[in-house]
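Undergrad: Can you read through this structure? Questions will come right after.
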Amino acid sequence: MHAQAEFQAIFDGEFAYVCRVLQRLGVRTMDLEDQAQEVFVAVHRKLADYDRNRPVRPWLFSFAFRTASNYQRLVRHTRERPLEVETLDAEGTPESHLQDREAQRLVLAALDGVPLERRSALIMHDIDGFSAPEIADALAIPLNTVYSRVRVARDEFRSSLARVKAKGRAR
């Protein structure tokens, strides 16, 4: 396949996935498309190095992780937090949309309580379903480190979720 056609196929097929990953890694909704574009600029530059015998999503996750990490460093220095804008799909009832948004808000808020390095391993393993060897390869870390990060991140996520829920009840 021609490189440009291959890139376009990856972009078309995986753009939504990259946006979901970036959001889980702490990128604000209003910045998702711009940050996803950053991911795909890097992917385009490195496409010749991609091993086509390997799955594409762990490879894309590694780019998204680096992009989100850079984004977090920059956002930390901004003072204002702009209002998040959400869109609703046409399916479902208003009540189901509200429940879905609340569940998503809780999960994303709880994920924010997990440091990015461990959060990435947790997301890759428990949400995206990657194997530990795939995670180790994508993040360039030892296999035992993957197992440790996932285990610790699960505990941190549970604690963070409890704090987020308690904070919501206190209002």
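The values are calculated or read from the model by the stated rules, or taken from the named source; none is laboratory data. Predicted model, so just to flag it, every value in this text is computed and none were measured. Cβ placement follows ideal geometry from the backbone for every residue including glycine, while neighbour counts extend to all protein chains displayed. The accessibility values were calculated without ligands, DNA or RNA, using every heavy atom of the protein model including side chains. Shrake-Rupley method; radii C 1.70, N 1.55, O 1.52, S 1.80 Å.
Undergrad: Given R₀ = 35 Å, what would the calculated FRET efficiency be for Ala166 paired with Arg45, taking r from the Cβ atoms and rounding to 0.05? Walk me through the intermediate numbers first.
TA: Numbers: r = 45 Å, r/R0 = 1.27.
So the FRET efficiency works out to roughly 0.20.
Undergrad: Next up: What value, in deg cm²/dmol to 500, does the helix sum -39500 (n - 2.57) over DSSP H runs of n ≥ 4 give at 222 nm once divided by the residues of the chain? Write out the running numbers ahead of the final one.
TA: Details: 7 runs with 119 residues, N = 171.
After summing the helix terms and dividing by the residues of the chain, the value is -23500 deg cm²/dmol.
Undergrad: Then there's this: Residue separation times 0.36 nm, minus the C-alpha to C-alpha distance between Phe7 and Glu117: what's the value? Spell out each step's value before the answer.
TA: On the way: separation 110, 0.36 × 110 = 39.60 nm, distance 2.75 nm.
Stretched out fully, the Phe7 to Glu117 stretch lengthens by 36.9 nm.
Undergrad: Another question, if that's okay. Mind checking the full-extension length gain between Leu106 and Asn70? Use 0.36 nm per residue of separation minus the Cα-Cα distance, one decimal, nm. Don't skip to the end; give the middle numbers.
TA: Values: separation 36, 0.36 × 36 = 12.96 nm, distance 2.39 nm.
Roughly 10.6 nm would be gained on extension.
Undergrad: While we're on this one: What shape does the stretch 1-79 take by its C-alpha gyration tensor, where a ≥ b ≥ c are the square roots of the eigenvalues and a/c under 1.5 counts as rounded, a/b above b/c as prolate, and the rest as oblate?
TA: Numbers: a/c = 2.27, a/b = 2.11, b/c = 1.08.
Cα axes put the stretch 1-79 in the prolate bin.
Undergrad: Ok, one more. I want to check the label-to-label distance for Leu143 and Glu95. Put each point 7 Å from Cα in the C-beta direction and report it in nm to one decimal.
TA: Output for this residue pair reads 5.0 nm.
Undergrad: Per 0.36 nm of contour for each residue apart, how much would the distance between Ser131 and Ser159 grow if the chain were fully extended, relative to their Cα-Cα spacing? Please report the intermediate quantities before stating the final value.
TA: Values: separation 28, 0.36 × 28 = 10.08 nm, distance 2.44 nm.
Working it through step by step, the gained length comes to 7.6 nm.
Undergrad: Quick one: dipole size for the chain, taken about the Cα centre, charges +1 on Lys/Arg Cβ and -1 on Asp/Glu Cβ, in debye to the nearest 20. Mind showing how you got there, number by number?
TA: On the way: 26 positive and 25 negative charges, 204 e Å.
With only Lys, Arg, Asp and Glu charged at Cβ, the dipole is about 980 debye.
Undergrad: At most 16 other C-beta atoms within 10 Å and a DSSP loop state: those are the exposed GluC sites (Glu not before Pro) I care about. Give me the longest piece of the chain that has none.
TA: By the stated rule (loop sites, at most 16 other Cβ atoms within 10 Å), 92-171.
Undergrad: When the accessible area of the chain is computed with all protein chains present and a 1.4 Å probe, what percentage of it is carbon and sulfur?
TA: 52
Undergrad: Just the number please: accessible area per residue for the chain, 1.4 Å probe, all protein chains included, in Å².
TA: Working: 10670 Å² over 171 residues.
Computed with neighbouring chains in place, this is 62 Å² per residue.
Undergrad: Let me ask you something else. What number comes out for the charge environment of Arg154, summing +1 per Lys or Arg and -1 per Asp or Glu over other residues with Cβ under 12 Å away?
TA: Summing Lys and Arg as +1 and Asp and Glu as -1 gives +2.
Undergrad: Just Ala140, Ala110, Ala16 to compare: in a GNM of the chain, with alpha carbon springs under 10 Å, which one fluctuates most?
TA: The residue with the greatest mean-square fluctuation here is Ala140.
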